[in-house]
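Undergrad: Have a look at the structure that comes next, please.
Nothing in this text is a laboratory measurement; each read-out follows from the coordinates by a stated rule. These numbers come from a predicted model, not from an experiment. Backbone-built Cβ (ideal geometry, glycine too); neighbour counts: all protein chains shown.
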Amino acid sequence: MRVHRGDEHSNYGLEHHGLSNLNDIYWNLNTPALYEQAIRRREAILAHLGPLVVRTGHHTGRSANDKFIVQESSTEKDIWWGKINRPITAESFDDLHHRMGLHLQAQDVYVQDCFVGASPKHRLPIRIITQNAWHNLFARNMFIEATPEELVNHVPEFT
């Protein structure tokens, strides 16, 4: 396993997510480095004037009917359960999480530690782990970048 880091990385490692036996790990790469990775790995091409072009396959857009939330006592009364917010048991989630960890073994992964929520008072630290550089770039654009100082002690509340 080789670890490639951007400016800084969290001391909170991937072992906390049950991930092991990974190939290369790319931590908090900046936008140009993610562009380079996506092009080098043939995930994308660079179009005229700089946009990155990717093929998303036939599963495009959001899959609103494929959202599952672990049903547990601390939040179950706060969630609007139905066709969109569907419950899943903790046991089912744990099984899926375990199988996902097995799938990632011997794979390269890209990690972005960032925040959701614009207000520093209310924002939450999150971690995005992807197999593709362009997916990680998408996450980097969607969420709020952590400063190098924030990254050192970044402990994600959502992954």
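Undergrad: So how far apart, in nm, are the two label points at residue 119 and residue 65 if each is 7 Å from Cα heading toward Cβ?
TA: Here the answer is 3.6 nm between the modelled labels.
Undergrad: Which loop chymotrypsin sites (Phe, Trp or Tyr not before Pro) in the stretch 26-119, with loop taken from DSSP, have no more than 13 other Cβ atoms within 10 angstrom of their Cβ?
TA: Details: sites: 26, 27, 35, 68, 80, 81, 93, 110, 115; in loops: 80, 81.
Filter output for the stretch 26-119: 80, 81.
Undergrad: Nothing charged except the Cβ atoms of Lys and Arg (+1) and of Asp and Glu (-1): what's the magnitude of the dipole of the stretch 22-106 about its Cα centre? Round to the nearest 20 debye. Display every interim value, and only then the final one.
TA: Numbers: 10 positive and 10 negative charges, 96 e Å.
Its charge dipole is roughly 460 debye.
Undergrad: Which whole-number percent is the relative contact order of the stretch 28-130 (Cα, under 8 Å, 6+ apart)?
TA: On the way: 82 pairs, mean separation 19.0, N = 103.
The value is 18 percent.
Undergrad: Note the direction-averaged projected area, equal to a quarter of the hull surface, for the Cα convex hull of the stretch 21-91, in nm². Walk me through the numbers before you get to the answer.
TA: Values: hull surface 34.9 nm².
Averaged projected area of the stretch 21-91's Cα convex hull equals 8.7 nm².
Undergrad: How far, in nm, would the chain grow between residue 88 and residue 155 when pulled straight, counting 0.36 nm per residue and subtracting the alpha carbon separation?
TA: On the way: separation 67, 0.36 × 67 = 24.12 nm, distance 2.48 nm.
Stretched out fully, the residue 88 to residue 155 stretch lengthens by 21.6 nm.
Undergrad: Along the charge dipole of the chain, Cβ charges K/R +1 and D/E -1, which of 26, 82, 151 sits furthest on the positive end?
TA: 82
Undergrad: Something else now. Can you tell me the dipole magnitude for the stretch 69-149 around its Cα centre, using point charges on the Cβ only (Lys, Arg +1; Asp, Glu -1), in Debye to the nearest 20?
TA: Details: 8 positive and 10 negative charges, 63 e Å.
Taking the Cα centre of the stretch 69-149 as origin, the dipole is about 300 debye.
Undergrad: Just to be sure I understand, if you calculate Kirkwood radius over Cα pairs in Å for this structure, which of (i) 16.5; (ii) 17.4; (iii) 19.2 do you get?
TA: Answer label, from the structure shown: (ii).
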